[in-house]
Amino acid sequence: MHILVCLKQVPRDNSVKINPDLSVNADGIEKIMNLFDEYAIEEGLVWNEQHGGKLTILSLGTDTWVEQIRRALAMGATDSLLLSDPAFANLDALAAAKVVAAAVKKLGDVDMILTGRNSTDDESGAFAPALARALGWPQVTYVGKVLEVDPAGKRVSAERHLETMVETVSAALPAVLSVIKDINSPRYPSLLKIKRVTKIEPPVWNAADLGVTGLTSASTVTKRVPPPPRPKGALIDGPDTATKVKKLVDTLLESQII
Amino acid sequence: MSGVLVFIEQVGDEVAAISRELLGQGQALAAALGGPLSAVVIGAQAGTVAAKVVALGATTVYTVTDPALAVYTTDGYVAAAQAAVAAAQPALVLAGASFQARDFGAALAADLDAGLAVDVTDLQVAGGAITAISPSHGGNVVNTYSFTPGTLVVALVRKQSFAEAADGASGGTVTALALPATTIRTQVTSVAPKSGVVNLTDAAIIISGGRGLGDKDNYYKLIPAVAEALGGAYGASRAVVDAGWVPYEHQVGQTGKTVSPKLYIAAGISGAIQHLAGMRTSRNIVAINKDPDAPIFRVATLGLVGDVNDVLPLLTAELKRRLGR
Ligand SMILES: Cc1cc2nc3c(=O)[nH]c(=O)nc-3n(C[C@H](O)[C@H](O)[C@H](O)COP(=O)(O)OP(=O)(O)OC[C@H]3O[C@@H](n4cnc5c(N)ncnc54)[C@H](O)[C@@H]3O)c2cc1C
Ligand SMILES: Nc1ncnc2c1ncn2[C@@H]1O[C@H](COP(=O)(O)O)[C@@H](O)[C@H]1O
């Protein structure tokens, strides 16, 4: 069976700045793999161990992402693929998904795609549904538990963990699944494995390799600003804790906050 | 293409609060776009709900009822929504931004080659052009999106962004549409409500505890009591979720839930940027921390320097006394 995991690089935290050209500036912030993708990789590994075959890590990004791809290989992924081209910069989620779909079609033998619930920088969660539709595959999003993967019977069943309910869903393979954090505990790659992958260069496919032309995004960012500052707060003081707590409750009641 | 089509979410046979908000704001947006405000109700209860949507101001309410739509599936709902889009020819489709709405809204936008904006907090129309505002990067960046002229825009709107529509309108019509032939490729074998879980994203008041609570027993001794006295829900920092004190559903932050309640109390939480990402848009923030330099105080409306072990029992008692719960 061939499982593919989509991996995005993101800044560790979002203390980003905004460049004059409206791009987001994350300079000086450590880069990590999107946390939810770590869970997607772990889930891929679990089913790869059970069914054998390939586990490919795919990123649509730049060569500055290779460190994250290597980490995924150190965790146990068997293959990797980087989609990179100046034409892929600044695509919205729907357009990015079309590029990835072209790569998946070119690979030809993928049975299941795992992505994270959302990226922690763009936070849209639109990529997995967009990818599924671009491929014409079913989607199972917000998966908190994969119950069964049956490559022979071409079915996957999983629990979707939504805000107030849990749905049990089965879908025909090939399918796209997005996973949440609760699904498993990702393994740490050993130092030995990390050392073993340091020289691996993932194959790179560009727009011409994929035969994608005329890529456009229907949405564009035309303004980007920091949030308005929060109004200045007040510290509650008093001779002892009981007085401070009473003052706090008084203030909350007077301001009709409670 | 003109006007607005609102995707109606249902709670039993009632119109969900988010949909009432979308109908409220949809009225002005439709007028600015020079078209009608229409809505689509999908599923078994569509008939009963449609009448309520008319009362909330929609001029045409499309219903799509079919046994295949008894439970939510992406394929079924997208096909039904596409039928409504074909009938209404809107310039803008509005839906909520819940997990289910994202599953459906992003798929619909992909199918229709629409412009998509997710987690929208405001929408504007000027000279026929739509712009959508939505935050990213844990609220540290506020983006304004524009869309290629002539493309349909699908906006998935965050709760509590707009005022709800008032009841009492009349004159709208209900039109039944057939579900277009479609293959539903997923089978839902069970739908179970999560037992005993308060939906954090719906709660008006939240108290969250962090590592400052010391241990799991202390968290459960002190935090739910305050939540109960306030009639609110309780949350947690990632530190205590990862330590196994509290289930993941309660995690607030960059990799947990984004909440925006009327009151958020952070107790024994330092205020790391990833935690702030999930709660900084709360209307009022109360911080309780023994370290006066903790970063949480920088976003707090009201700060109280103290030990949670002293403050929280006193707070519970005082709230019970004053609120009578
Ligand atoms: C990729 C990534 C994603 C993350 N996502 C999230 C997320 O979604 N949510 C999240 O919360 N974090 C997230 N984090 C973790 C975040 O960086 C912090 O580590 C975490 O929020 C700290 O939790 P805390 O405030 O409970 O603990 P600490 O930072 O240890 O703070 C404990 C606080 O309690 C105070 N305290 C101690 N004892 C007492 C006492 N007796 N009385 C009063 N105060 C006391 C201390 O002064 C301190 O300020 C993420 C991190 C990364 C790298
Ligand atoms: N550029 C990308 N390359 C690879 N995977 C991506 C990319 N963008 C998004 N994804 C995947 O889609 C998930 C959801 O991202 P998003 O829709 O941006 O919130 C991520 O967790 C990744 O698994």
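Values as computed for the structure displayed
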read-out: Average partner coverage of B:143-149, which counts Cβ from other chains inside 10 Å; value: 6
read-out: Cα shape, the stretch A:2-210, gyration tensor, a/c 1.5 rule; value: rounded
read-out: Global form of the stretch B:219-260, assessed from the alpha-carbon gyration tensor, a/c cut-off 1.5; value: oblate
read-out: Top of B:T189, B:T73, B:T175 by mean-square fluctuation, Gaussian network on chain B, Cα under 10 Å; value: B:T189
read-out: Peptide B:286-292, shielding by other chains (average Cβ, 10 Å cutoff); value: 2
read-out: Euclidean distance between Cα centres, the stretch B:42-95 to the stretch B:178-204, Å; value: 16
read-out: Most mobile listed residue (B:T183, B:T281, B:T65) in chain B, GNM with C-alpha springs under 10 Å; value: B:T183
read-out: DSSP beta bridges in the stretch A:1-109 [antiparallel fraction, %, rounded to 5]; value: 35
read-out: Partner lysines for B:K221 [C-alpha distance under 20 Å; skip if fewer than 8 residues away on the same chain]; value: B:K290, B:K320
read-out: Interface burial for B against A (accessible surface, 1.4 Å probe, total of both chains, Å², rounded to 100); value: 7000
read-out: Solvent exposure ordering (accessible area, 1.4 Å, most first) of B:D103, B:D66; value: B:D66, B:D103
read-out: Range of Cα positions in the stretch B:200-323 per principal axis (Å), largest first; value: 36, 30, 29
read-out: Long-range Cα-Cα pairs in the stretch B:129-245 (distance over 20 Å), rounded percent; value: 72
read-out: Test item: B:94-101 mean partner chain Cβ contacts at 10 Å; value: 3
read-out: The stretch B:1-42: Cα Rg divided by the 2.2 N^0.38 Å rule of thumb; value: 1.16
read-out: Of A:G116, B:Q187, B:A236, farthest towards positive along the dipole that unit charges on Lys, Arg, Asp, Glu beta carbons give the protein assembly as shown; value: B:A236
read-out: Pairwise centroid distance, computed over Cα atoms, of the stretch A:196-230 with the stretch A:174-190, Å; value: 23
read-out: Rg/Rg_ref, the stretch B:4-177, where Rg_ref = 2.2 N^0.38 Å and atoms are Cα; value: 0.95
read-out: For the stretch B:141-207, radius of gyration divided by Kirkwood radius, i.e. Rg to Rh on alpha-carbons; value: 1.04
read-out: Local electrostatic count at A:V46 - Lys and Arg +1, Asp and Glu -1, tallied over other residues with Cβ under 14 Å; value: -3
read-out: Surface accessible to a 1.4 Å probe, per residue, for the residues of the protein assembly as shown, Å²; value: 40
read-out: Pair-distance profile P(r), taking every C-alpha pair of the protein assembly as shown, with 10 angstrom steps and integer %; value: 3, 17, 26, 26, 19, 8, 1, 0
read-out: Scattering profile of chain B at q = 0.12, 0.14 Å⁻¹ [log10 I(q)/I(0), Debye over alpha-carbon scatterers]; value: -0.87, -1.06
read-out: Choice from A:K246, A:K154, A:K105 with maximal GNM fluctuation in chain A (Cα, 10 Å cutoff); value: A:K246
read-out: Principal semi-axes in Å for the stretch A:183-250 [√(5λ), Cα gyration tensor, largest first]; value: 53, 30, 11
read-out: Alpha carbon centroid spacing (whole Å) that separates the stretch A:83-152 from the stretch B:226-304; value: 32
read-out: Principal-axis tilt of helix B:74-88 within chain B, Cα atoms, nearest 10 degrees; value: 50
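The values are calculated or read from the model by the stated rules, or taken from the named source; none is laboratory data. It should be emphasised that the depicted structure is a prediction, and the values quoted were computed from it without experimental measurement. Positions of Cβ are backbone-derived with ideal geometry, glycine not excepted, and every protein chain shown enters the neighbour counts. Ligands, DNA and RNA are stripped out before the accessible areas are found, and what is left, the full protein with its side chains, is counted by its heavy atoms. Shrake-Rupley method; radii C 1.70, N 1.55, O 1.52, S 1.80 Å.
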